[in-house]
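Student: Let me begin by handing over the structure; questions about it come next.
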Amino acid sequence: MSSENVQTKWGQFISLIIVFFFWGFVGSANDILIPVFKKVFTLSQVQSQLVAWAFYAAYFVGSIIFFIVSLKVDILQKYGYKRTLSAGLILSAVGSFLFVPAATIQSFPFFLTALFTVGLGFSIQQIVANPLAIKMGSPETGAHRLTLAGGINSFGTTIGAILLGIALFGMGDNKKTALSLEDIKLPFIILGLAFIAVAIFMNFSKIEDPVKEEEAIIKDGHSKFNILDYPQLYLGMLGIFIYVGTEVTIISNLPALLHTHEFGNILEDAVAPFIALYWGSLMIGRWNGGTNVFNTSNLVNTALKFIVPAVAFGVIIGANIFAAHDVSSFYIYPLWILLFIGVSFVGGKNAGKTLMLFGLSGITMMILGLVWPNPEIAKFFFISGGLFLSIMWPSIFDLAIAGLGKNTGKASSFLIMMILGGGVIPLIQGSICDFDLTSPEGIFGISWTHFSYIVPLLGFAYLAFYGFYCPKILKKQGISHVQSEGGGH
């Protein structure tokens with residue numbers, strides 16, 4: 001590949017990474033807006049949660065709209081990935097600018113409309129950007145490019161709330177105690193302009209659009225799109241639903257677990273470091289997986305597999321020390337990180353094999369968390385679920401859209417819809433936890449809250465099955481790229 005082509009590839013990937021950063025940044029910024037709106041508009045706690053609802057419901061609504069439109073006009077085939085992604089960015093920019101009139105008239109419903117509009121743009125971006133990250137280079141490293149982009153998303157999630165908090169309240173001696181809605185305008189104007197800048201770059205850059213390649217390799221004879229024609233897709237949709245649900249349910253029920261008598265009655269004000277460690281575990285895994293994107297020697301790549309997680313773990317520890325949290329119990333956690341690194345070596349660059357092995361590892365961690373006699377250790381088995389979930393989104397996505405060709409856009413919209421799993425599966429686990437209210441004696445010698453972690457265990461079981469079974473489906477269809485090892489580390 002010529003030097004110019006390499007620069008073009010990296011230029012398009014960097015621009016895509018910026019999009020992933022936006023998702024994380026805005027998602028975590030909502031955590032700042034919720035208490036602000038609650039105080040300014042005198043909302044109840046339930047009403048304040050409409051902020052998150054408006055943002056994430058837009059993903060589902062946007063995906064449905066995208067699919068319905070695609071039934072009549074194949075959006076990606078007609079307009080291409082670049083233009084469609086640019087349209088999503090522009091829509092999010094419109095939503096960002098709507099914060100200005102919303103703040104001027106001080107209307108909470110207007111703010112929700114603005115957030116919903118930003119979310120609609122994000123749904124289009126998700127539908128396009130995930131398959132684009134996979135397709136913009138070697139098929140063997142497609143899932144790893146998506147993992148690297150996800151690592152940037154995690155970084156955006158980490159600093160988004162911090163940066164917006166500084167923008168709204170300042171810091172140090174200049175920090176405000178009272179907030180005017182007028183202060184919200186400037187950060188979102190800047191964000192809207194950033195969306196537009198990236199959209200312009202994407203639309204007018206020399207980025208190669210994979211649509212042309214897809215038209216050349218389409219071999220299927222389906223004139224109409226039917227999910228049932230693609231078992232890798234409908235099983236992958238269930239995989240995304242279960243993956244997101246498993247990722248969310250582990251952490252959303254962790255405070256309740258730590259508050260049980262058997263786990264030391266840890267109070268709410270002491271739970272934050274464990275939550276940070278869980279989300280940090282996803283960052284560790286995604287940064288680690290992202291090293292496979294770089295064209296380095298086996299020796300350098302192997303070294304990065306150890307150095308990058310160490311740096312990421314240092315960031316987690318440093319942030320907690322800065323916040324004056326006691327993290328002395330965390331220094332045993334590198335043992336789980338080393339196990340994760342070992343499994344990633346075995347999985348290599350094979351999406352199916354990696355998904356299966358990480359699924360089996362997740363099952364093992366949940367079982368050990370359920371049976372380990374020392375709760376001081378058991379909680380880390382549950383938290384380490386974040387490590388083994390970290391690379392699953394790109395692996396599932398890579399497998400699910402393999403062989404879809406011109407139907408990739410429709411398939412991607414269905415996969416994005418399945419983010420709803422994050423709102424359903426935690427309710428199932430939470431209902432099991434509530435049995436402690438009526439049956440405090442527990443089950444099998446442990447509390448119901450402790451036992452509830454059988455829910456993510458079952459989630460990992462399905463994900464391991466999908467990683468094992470989907471490559472066999474693709475092999476029958478003559479699709480082999482996700483079966484390739486793609487070289488060593």
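The values are calculated or read from the model by the stated rules, or taken from the named source; none is laboratory data. Because the structure is predicted, anything quoted here is derived from the model rather than measured. A quick note on method: Cβ atoms are made from the backbone with ideal geometry, for glycine too, and the neighbour counts reach across all protein chains shown. The area values use the complete protein model at the heavy-atom level, side chains included, leaving out ligands, DNA and RNA. Shrake-Rupley method; radii C 1.70, N 1.55, O 1.52, S 1.80 Å.
Student: Rg and Dmax in Å for segment 356-438, alpha carbons only: what are they?
Tutor: Calculated on Cα positions, Rg and Dmax stand at 16.9, 53 Å.
Student: To continue, here is another question. Please compare each pair in LYS379/LYS472; LYS353/LYS406; LYS410/LYS476; LYS379/LYS475; LYS305/LYS472 to a cut-off of 32 Å on the Cα-Cα distance and tell me which ones are over it.
Tutor: Listed pairs above 32 Å: LYS379/LYS472; LYS379/LYS475.
Student: Å³ per residue of the Cα convex hull, for segment 367-413?
Tutor: Per residue, the Cα convex hull of segment 367-413 comes to 74 Å³.
Student: Between ILE443 and LYS472, take the C-beta separation as r, use R0 = 51 Å, and let me know the FRET efficiency to the nearest 0.05.
Tutor: About 0.90, to the nearest 0.05.
Student: Tally up the carbon and sulfur contribution to the accessible surface of segment 226-483 as a whole percent, 1.4 Å probe, everything protein left in place.
Tutor: Accessible surface attributable to carbon and sulfur in segment 226-483 totals 71 percent.
Student: Right, next: Place a +1 charge on the Cβ of each Lys and Arg in segment 226-483 and a -1 charge on the Cβ of each Asp and Glu, then give the dipole magnitude about the Cα centre in debye, rounded to the nearest 20.
Tutor: Approximately 1340 debye in magnitude.
Student: Let me ask another. List the residues, sorted by chain then number, that are 5 or more residues from ILE443 or on another chain and whose placed amide H is less than 5 Å from its amide H.
Tutor: Residues meeting the amide H criterion: TRP448.
Student: At VAL61 and ILE190, where each label point lies 7 Å from the Cα along Cα→Cβ, what is the point-to-point distance in nanometres?
Tutor: Each label point is offset 7 Å from its Cα along the Cβ direction, giving 2.9 nm.
Student: Order 70-80, 356-366 from most to least packed using the mean count of other Cβ atoms within 10 Å.
Tutor: The packing order, highest mean first, is 356-366, 70-80.
Student: Now a separate question. For labels at LEU228 and LEU335 in the simple 7 Å Cα→Cβ model, what's the distance in nm?
Tutor: The answer from the label model is 5.1 nm.
Student: Quick one: if the Förster radius is 30 Å, what FRET efficiency do ILE105 and ILE68 give, using the C-beta to C-beta distance and rounding to 0.05?
Tutor: After rounding, the FRET efficiency stands at 0.40.
Student: Let me ask something else. Report ³J(HN,Hα) in whole Hz for each residue of segment 231-244, in order, from the Karplus equation J = 6.51 cos²θ - 1.76 cosθ + 1.60 where θ = phi - 60°; Gly and Pro get x.
Tutor: Going residue by residue, I get x, 4, 7, 5, 6, x, 4, 5, x, 5, 4, 6, 4, 4 Hz, with x marking Gly and Pro.
Student: Using Stokes-Einstein with the Kirkwood hydrodynamic radius over Cα pairs, what translational diffusion coefficient do you get for segment 226-483 at 37 °C and a viscosity of 0.692 mPa s, in µm²/s rounded to a whole number?
Tutor: 172 µm²/s
Student: Which order do the peptides 299-309, 334-344 take when ranked by the mean count of other beta-carbon atoms within 10 Å per residue, highest first?
Tutor: 334-344, 299-309
Student: Separate question: Listed highest first by mean packing, meaning other Cβ atoms within 10 Å per residue, what order do 285-291, 440-446, 413-419 come in?
Tutor: 285-291, 413-419, 440-446
Student: What FRET efficiency do you get for GLU376 and PHE465 if R0 is 30 Å and r is their Cβ-Cβ distance, rounded to the nearest 0.05?
Tutor: Taking R0 as 30 Å, the efficiency between GLU376 and PHE465 is 0.40.
Student: Related question: Rolling a 1.4 Å sphere over the protein heavy atoms, what is the accessible area per residue of segment 286-403, to the nearest Å²?
Tutor: Ligands and nucleic acids excluded, the result is 37 Å² per residue.
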